[in-house]
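Participant: Next up is a structure, given as structure tokens.
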Amino acid sequence: MRPNSSVSPALPIHRAAGTITHMKNIGLIGFGNMGEAFAAGLAGQGGVKFGVAEKAAARLAAAREKFGAEDFTGRPGDLLDFADFTIIAVKPQDAASVLEKIAPYSRDKKFAAIVAGKTLDFYLSRLQTPYVARFMPSLAAMYQKAVVGVSFPPAPEGREAEFADFRSQALEAAAAAGFALEIPESLMPVITAVSGSGLAFVFAFINALALGGVKTGLGYAEAAGLALRVTEGACEVLRRTGEAPSSLITKVASPAGTTIAGLQALEEAAFTAAVMRAVEEAASRAEELEGV
Ligand SMILES: NC(=O)c1ccc[n+]([C@@H]2O[C@H](COP(=O)([O-])OP(=O)(O)OC[C@H]3O[C@@H](n4cnc5c(N)ncnc54)[C@H](OP(=O)(O)O)[C@@H]3O)[C@@H](O)[C@H]2O)c1
């Protein structure tokens, strides 16, 4: 990245729309962490009804109580009749059996699938519709703060207008969990690594900063709280100034000061290279899982 380039305009991200303009009835297959996170984002925008199919009784009760969702468990045809747009959010090992159940009712229905490692071909070869989007969010979807990678198959010939409408519906649904970032499917492993796994890499840094505090005399709880606030402050400075991290590092580090001494220690331990390798390893593992 160029040292003085601004951070925000570089990302062509769709922000959450103020209101859901395209969807009235949303189907949710699987109401775990992700199903609930997307429901919360979509419900927050008003005017939406939910229909849910969920195996676990407690999760089904949560969908009904928190979002007034209608229960369609065991009635895939009725669920797909009800929904303008259906989000599939089950674990990878459950995806094939879900598709088997909904396939007979899936003609020209609209879907977004949040299932790690399952490619668009996996859905297109099992469902009777070209309208499938693949979403890759992170746990930050719980608070509508995820960057959601979104990929589409090519629009079918002769149905470009309908597909464009589907595309905007899907981006709107993804943006309800934070920010939608449309990417070619070949970049899904990269988004999985930087956005999905990236959350854990940031937690690892915050933990390391806290342990540094412990090493120099603070209690862990106090140090972890401090590290969190420092991270929040750093994000705020990045956001408000729009400056690149590399440029802000040089602003904090004064000549012969404390920060540059610490930065030297970080680089002696190959901090930048280690984080770059972490992203590379996570992306290559994500790619490997797509082949399974
Ligand atoms: N959590 C994350 O941070 C994250 C991030 C990116 C992507 N993802 C992807 O998102 C997907 C969902 O993750 P999650 O964390 O939401 O999983 P989860 O909490 O396990 O939720 C999935 C839910 O679907 C239910 N289910 C399974 N088979 C079903 C079926 N045939 N019909 C209806 N409901 C069914 C499960 O019930 P049982 O528990 O009884 O099986 C479970 O309650 C995964 O494929 C994951 O790879 C997750």
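Since every read-out is calculated from the coordinates, none of them should be taken as a lab result. Treat the numbers as computed from the prediction; the structure is a model and nothing was measured. Don't worry about glycine lacking a Cβ; one is built from the backbone with ideal geometry, like all the others, and counts go over all protein chains shown.
Participant: For S106, what residues show an amide H to amide H distance below 5 Å, using hydrogens built from the backbone and excluding near sequence neighbours?
Facilitator: Correct list: Q128.
Participant: Under the rule a/c < 1.5 gives rounded, and otherwise a/b versus b/c splits prolate from oblate, where does the range 12-183 land using the Cα gyration tensor?
Facilitator: Judged from the Cα gyration tensor, the range 12-183 comes out rounded (a/c under 1.5).
Participant: Based on DSSP H runs of at least 4 residues, each adding -39500 (n - 2.57), what is the mean residue ellipticity at 222 nm of the chain after dividing by all its residues, to the nearest 500 deg cm²/dmol?
Facilitator: Theoretical 222 nm ellipticity from helices: -15500 deg cm²/dmol.
Participant: Oh, and also: State the Cα centre-to-centre distance between the range 85-103 and the range 176-193 in whole Å.
Facilitator: Rounded to whole Å, the Cα centres lie 20 Å apart.
Participant: Let me ask something else about it. Put a dot 7 Å past each Cα toward the Cβ at S284 and D94; how far apart are the dots in nm?
Facilitator: Taking the simple label geometry, D94 and S284 are separated by 3.3 nm.
Participant: Let me ask something else. Name the residues whose placed amide hydrogens come within less than 5 Å of the amide hydrogen of L28, ignoring near sequence neighbours (fewer than 5 apart) on the same chain.
Facilitator: HN-HN under 5 Å from L28: G51, V52, A53, I87.
Participant: Cα extents of the chain along the three principal axes, largest first, in whole Å?
Facilitator: If we take the Cα atoms of the chain, the spans are 69, 42, 38 Å.
Participant: In addition: Average projected area of the Cα convex hull of the range 190-290, in nm²?
Facilitator: Projected over every direction and averaged, the Cα hull of the range 190-290 covers 7.6 nm².
Participant: Between A56 and C235, what is the label-point separation in nm under the 7 Å Cα-to-beta-carbon projection?
Facilitator: 2.5
Participant: Figure the gain on full extension for R75 and Y105 (residue separation times 0.36 nm, minus the Cα-Cα span) and round it to one decimal in nm.
Facilitator: 9.8 nm
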